[in-house]
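Worksheet for the structure shown next.
The values are calculated or read from the model by the stated rules, or taken from the named source; none is laboratory data. Just so it is clear, the structure is predicted and the values come from calculations on it, not from any experiment. So basically every Cβ, Gly included, is an ideal-geometry build from the backbone, and we count neighbours across all protein chains shown.
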Amino acid sequence: MDVLISGASIAGPALAYWLGRAGHRPTIVEIAPRLRTGGSAVDFRGPLHLGILERMGVLDALRARQTGGTAMRFEDADGGRLMEMPSDFAGGDLELRRGDLAEVLCEAAAPWTEFIFGDSIASMTETATGVDVTFRSGLRRTFDLVIGADGVHSTVRRLTFGPEDRFVKHLGYYVAGWDMPNEWGAERQCRAFNEPGRLASMFCDGDTAGAFMAFRAPPLEYDRRDLEQQKRIVLDRFAGMGWLTPRLLDGLAETRDMYFDQICRVDVPEWARGRVTLIGDAASGLTIGGQGCGTALIEAYALAGELAAAGGDHRVAFAAYERRFKRFTAAAKRGNPGRFLAPRRGYGIRLRDWLHNRAWFLALTMRMAADRTDLDLPAYSFASASSVRSASDGTTRDDASSAS
Ligand SMILES: Cc1cc2nc3c(=O)[nH]c(=O)nc-3n(C[C@H](O)[C@H](O)[C@H](O)COP(=O)(O)OP(=O)(O)OC[C@H]3O[C@@H](n4cnc5c(N)ncnc54)[C@H](O)[C@@H]3O)c2cc1C
């Protein structure tokens, strides 16, 4: 089948990889002009996440790029230690930059995948035999299936199911991140500072320091494509904050690439309609703290696996994928990381620090972070690349065992 996937980040290329292994022809359309490298660190934890990376054959390539977790030290305004989260709290078992992960996944999918950068789906019409797609560039093509892997603000979801506010719940916080020169010279150091409702933090690694901020706010009106407007929001919100914040804001003024978004939860009652379905954050996302990368990889494997198990019948496959995995993904998206990062009142900050300075409480937090990855993942059979190739010249060799 010709399958159009919207989004070349984590879920999109992972799905393209598995669809390609099963003999389909994936096309990925990505709105950004090119793959974004670098970015914030994301992590994988537990045998389920690492197992899926191993099945994809990318674990070694990712290990070669891992950043390794770093303890997060919360400080007072003078740099004194208040509390420290251990390195595996944020770093899990494998931590790397999101852009590096996307790059490795795209490389894995590349042998089977057509990539279209700098474009986006403008409209879709389902017919009896496929989906007629018009792109913003004017390009028109027909696909057997369309998959939305375009994140919490998914265009495929909007075109298929309706406006974003029906599915995306604002959780009362915004986050912002940008890179700047590491003027502190520190190596692998993560420091954070709170004032009520605000977090400023920075992570030094080599020549680069990554700033990461969180703040409480109701839903804000702004243009998602207007970087300068978003910078102004952050500058206003952090004006007057102590610690290293003024230096981090100086770095913001210089940057041309800032990540800015609300902390929100995505909840779509049904993931599929006809020949269209959703995957990753587009289907069930929490901006941060929801194990989104590991979950996206599991969903990608499962969606391609269910399609293979259903002999390509998308109605059966989409229903099975949703039935089997919805509860698992919902469980991973509980909670609101904003409340941990930037408690709204001073006593909330002090209580968080006091609790996390207790070994028993820290152990409980760590256990909860790990437990969310439990799932009995089916061992689907995919045709391997070699069997797909040999099938086309009439000498089929079922190599499914190596894939599962
Ligand atoms: C600061 C931060 C830290 C995080 N830390 C972790 C972590 O430690 N562990 C973890 O597991 N997760 C973490 N996450 C969450 C994780 O990044 C997401 O859950 C994950 O990236 C979801 O992948 P996705 O492919 O579904 O969506 P996204 O990564 O959001 O990708 C969507 C893609 O679609 C593209 N796109 C958007 N609109 C269109 C369109 N109209 N047409 C075509 N393409 C489009 C986007 O450009 C993007 O490339 C973190 C997130 C943030 C912001």
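Annotations for the structure displayed:
- Residues (under 23 Å from Thr155 (Cα atoms) and surrounded by fewer than 21 Cβ atoms within 10 Å (Cβ to Cβ)) located in segment 94-120: Arg98, Gly99, Glu103, Glu114, Phe115, Ile116, Phe117, Gly118, Asp119, Ser120
- Filter result for Ala283 (in contact with a helix residue (DSSP H, G or I) (Cβ under 8 Å, 6 or more places away or on another chain), more than 13 Å from the ligand (Cβ to nearest atom) and in contact (Cβ under 8 Å) with a residue 12 or more places away in the chain): no
- Residue check for Met180: away from the ligand (no atom under 14 Å from the Cβ) and at pLDDT below 95: yes
- With respect to the conditions (1) of a type in the set (A, V, I, L, M, F, W, C); (2) modelled with pLDDT of 95 or more; (3) surrounded by fewer than 13 Cβ atoms within 10 Å (Cβ to Cβ), Ala149 lacks only one, and its number is (3).
- Just so you know, in segment 44-62 the residues that are part of a loop (DSSP other than H, G, I, E, B) and either acidic (Asp, Glu) or surrounded by 18 or more Cβ atoms within 10 Å (Cβ to Cβ) (or both) include one that is modelled with the lowest pLDDT, and it is Arg45.
- Residue check for Asp236: farther than 18 Å from Gly338 by Cα and either part of a strand (DSSP E or B) or not hydroxyl-bearing (Ser, Thr, Tyr) (or both): yes
- Some residue of segment 19-41 being within 30 Å of Leu364 (Cβ to Cβ) and part of a strand (DSSP E or B): yes
- Being within 11 Å of the ligand (Cβ to nearest atom), within 23 Å of Ala379 (Cα to Cα) and not aromatic (Phe, Trp, Tyr) is true of Leu105.
- Contact map, segment 152-171: residues that are touching a residue at least 24 places away in the same chain (Cβ under 8 Å) and closer than 16 Å to Ile121 by Cβ paired with residues that are surrounded by 15 or more Cβ atoms within 10 Å (Cβ to Cβ) and among the charged types (D, E, K, R), Cβ distance under 7 Å, separation 6+ or inter-chain. Pairs shown: His153/Glu164; Val156/Asp150.
- Taken together, the residues in segment 193-232 that are out of contact with any His (no Cβ under 6 Å at 6 or more places or on another chain) and either in a loop (DSSP other than H, G, I, E, B) or more than 18 Å from Tyr259 (Cα to Cα) (or both) amount to 17.
- Annotation: of all residues in segment 26-59 being among the charged types (D, E, K, R) and more than 15 Å from Gly305 (Cα to Cα), the one that is farthest from the ligand (Cβ to nearest atom) is Glu54.
- Matching residues in segment 97-113 - criterion: being within 30 Å of Arg367 (Cα to Cα) and either modelled with pLDDT of 90 or more or in contact with a His (Cβ under 6 Å, 6 or more places away or on another chain) (or both): Arg98, Gly99, Asp100, Leu101, Ala102, Val104, Leu105
- Residue count for segment 248-275, restricted to those that are in a helix (DSSP H, G or I) and farther than 13 Å from Met213 by Cβ: 3
- The single condition among (1) in contact (Cβ under 8 Å) with a residue 40 or more places away in the chain; (2) surrounded by 21 or more Cβ atoms within 10 Å (Cβ to Cβ) that Ser40 does not satisfy is (2).
- Within segment 1-17, considering residues that are under 14 Å from Leu297 (Cα atoms), touching a helix residue (DSSP H, G or I) at 6+ places or on another chain (Cβ under 6 Å) and outside any loop (DSSP other than H, G, I, E, B), the one nearest to the ligand (Cβ to nearest atom): Ala11
Matching residues to (1) among the charged types (D, E, K, R); (2) surrounded by 15 or more Cβ atoms within 10 Å (Cβ to Cβ); (3) touching a residue at least 12 places away in the same chain (Cβ under 8 Å); (4) under 24 Å from Gly148 (Cα atoms):
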site: Leu199; (1), (2), (3), (4): no, yes, yes, no
site: Cys204; (1), (2), (3), (4): no, yes, yes, no
site: Glu228; (1), (2), (3), (4): yes, no, no, no
site: Arg237; (1), (2), (3), (4): yes, yes, yes, no
site: Gly240; (1), (2), (3), (4): no, no, no, no
site: Leu252; (1), (2), (3), (4): no, yes, yes, no
site: Pro269; (1), (2), (3), (4): no, no, no, yes
site: Arg273; (1), (2), (3), (4): yes, no, yes, yes
